[in-house]
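This report refers to the structure that appears directly beneath it.
The values are calculated or read from the model by the stated rules, or taken from the named source; none is laboratory data. From a predicted model like this one, the values you see are computed outputs, not experimental measurements. Quick reminder, even Gly has a Cβ in these numbers, built from the backbone with ideal geometry, and neighbours come from all protein chains shown. Note: accessible area is taken over every heavy atom of the protein model, side chains too, but ligands, DNA and RNA are not part of it. Shrake-Rupley method; radii C 1.70, N 1.55, O 1.52, S 1.80 Å.
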Amino acid sequence: SAPAYGTAEITAVTDAQNVVADVLTDLPYTDATVSWQESAFSEYQGYPRSIALFDNRLLLAGTKKKPQAFFYSGINEYDNFLASTTLADAPFFVEALSDDQSSIQWLSAQRELFVGTASVEGILATRKQDEAQSPENLPIVRWNESMGSAHRAALPMRDSLMCLQRGRTTINMLAYSLERDGYTGEEVSLLCNHLFSSGVQQMAH
């Protein structure tokens, strides 16, 4: 039979095995079941820190409990995050693993999907580079630099990406390097760092 889903909002926890909940949409089960999932976004799990639109999907990333998680909506279904199938246009979820699991600070959708955390920067790439990111072609993060980013949007600059470093007093430029066959960072505020000693709040171009 086809899978069936319902949703309920937990209002109280009575013990380790029982809760009180308000049914929001009809639940297919009336008896005890192990087929359930907690919502990815809540006060307990946390809410996404970053957002982007990429390949006709809404992409949310970085919660308190999953600081390096990426949540993809269905294609052209920006409010659908229910990963119930593995079809190419279905929603899906993937989690990156850097050494320190620092939280995602920003996403930037350019020709490629860039990501910055509090300790490293990189791109979300797929093993099958000629196909879009999907449940059948899951993205992986290729970490390129260890500059560390602030929780501020990165700024596209032609073929590069301007990033605010974690302390918000240094500006770095992330650009592709043929020698390294990857992206490298360069401090562009080196000769004028006195201008940013109080901390940059926002950037625009």
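Residue count for the range 90-119, restricted to those that are assigned to a loop (DSSP other than H, G, I, E, B), of a type in the set (S, T, N, Q) and either closer than 19 Å to ARG166 by Cα or free of Cβ contacts under 8 Å to residues at least 12 places away in the same chain (or both): 5. Restricting attention to the range 17-68, the residues that are aliphatic (A, V, I, L, M), in contact with an Asp or Glu (Cβ under 9 Å, 6 or more places away or on another chain) and surrounded by 15 or more Cβ atoms within 10 Å (Cβ to Cβ) total 1. Of the residues screened, VAL200 is one that is in contact with a Leu (Cβ under 7 Å, 6 or more places away or on another chain), over 15 Å from ALA69 (Cα atoms) and either at pLDDT below 90 or not aromatic (Phe, Trp, Tyr) (or both). So, ALA153, is that one within 30 Å of TYR5 (Cα to Cα), outside any strand (DSSP E or B) and not acidic (Asp, Glu) or not? Taking the combined requirement at face value, the residue does not satisfy it.
Output the residue which, of all residues in the range 156-205 that are in a loop (DSSP other than H, G, I, E, B), hydroxyl-bearing (Ser, Thr, Tyr) and open to solvent by less than 60 Å² (accessible area, probe 1.4 Å), is nearest to SER108 (Cα to Cα). This residue is THR170.
If the condition is being touching a residue at least 24 places away in the same chain (Cβ under 8 Å), in contact with a strand residue (DSSP E or B) (Cβ under 7 Å, 6 or more places away or on another chain) and either more than 18 Å from LEU113 (Cα to Cα) or not hydroxyl-bearing (Ser, Thr, Tyr) (or both), then the range 158-195 contributes LEU161, MET162, CYS163, LEU164, ARG166, THR170, ILE171, ASN172, LEU174, GLY182, GLY185, VAL188. Selection of the range 1-38 for residues being among the small types (Gly, Ala, Ser) and touching a residue at least 24 places away in the same chain (Cβ under 8 Å) yields only ALA4.
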